[in-house]
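Notes for the one structure printed next.
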């Protein structure tokens, strides 16, 4: 199939995650949530993300983790099926650059903050469409976030090969890009294009950072999922998030 090869068995699928410890995750949800409840939201977001990716074809499944993997209370049970790769020290761009350097072949990277994610959002990467010009498929797919960042970054087989030949290696696609800013997504795209790689655009998603984000994402939460369960009667979100986003 034209449009970019994701690899015979699929790409290396990576979820960038942080241990769900109160005071370490989702602190911008406090208030209105307690730090304990914010950590419960983080754990639910990660659980739903991993569930959404369970049937996505992958050569390997990796949890790129900031924190400990040996405490079952800080990660959802879905994480047990994933290989854990500890994040190195450094800023987020440095850590992501390290990841790109150590992963061979095509890569599909997503964050843990978009629990409304479905396999359909990733279809351009995992099941690339036929293109009128098969000589110019995207080398890299970028999923923009509503806050100006991005929720996904994926390299095709051809893109991974081209990135490997860059003077600074694949990590140079990310290292030095300012993170957690309203223009991060635009700067990331510009960096990739400056290296001569073609960028495809995935659907924009809201990632969960603030209470308003959480209200929006709950509207599209996975039915029967972990996050939706927190909003059910008796859940930690029951009656807490009042008002429109």
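Just so it is clear, none of the values below were taken in a lab; they were calculated from the coordinates. Source: prediction; values computed, not measured. In this analysis, Cβ positions are derived from the backbone assuming ideal geometry, glycine residues included, and neighbour counts consider all displayed protein chains.
A few notes on this one:
- In this structure, residue 194 and residue 91 have a Cβ-Cβ separation that, at R0 = 30 Å, corresponds to a calculated FRET efficiency of about 0.90.
- Geometric descriptor of the range 12-230, per residue, is 118 Å³ (volume of the convex hull of the Cα atoms).
- Extension gain, residue 204 to residue 9, is 67.6 nm, computed as 0.36 nm per intervening residue step minus the present C-alpha separation.
- Residues within the reach of a label modelled at residue 104 (point 7 angstrom out along Cα to beta-carbon, backbone nitrogen below 18 Å), restricted to the range 165-205, are 165-166, 169-171.
- Modelled FRET efficiency - R0 22 Å, residue 119 with residue 84, Cβ distances, 0.05 increments: 0.45
- The range 48-137, relative contact order [Cα under 8 Å, separation at least 6], %: 38 percent
- Relative to the dominant Cα principal axis of the chain, helix 35-52 is inclined by about 40°.
- From the alpha carbon centroid of the range 30-60 to that of the range 196-245 is 10 Å.
- Label point distance in nm, residue 127-residue 165, each placed 7 Å from Cα along Cα→Cβ: 3.2 nm
- Förster-model FRET efficiency, 25 Å R0, residue 219 and residue 73, C-beta, rounded to 0.05: 0.30
- Degrees separating the helix 92-102 axis from the principal Cα axis of the chain, which is the longest one: 50 degrees
- The chain, relative contact order [Cα under 8 Å, separation at least 6], %: 24 percent
- Beta bridges assigned by DSSP with both partners in the range 12-230 are antiparallel in approximately 30 percent of cases.
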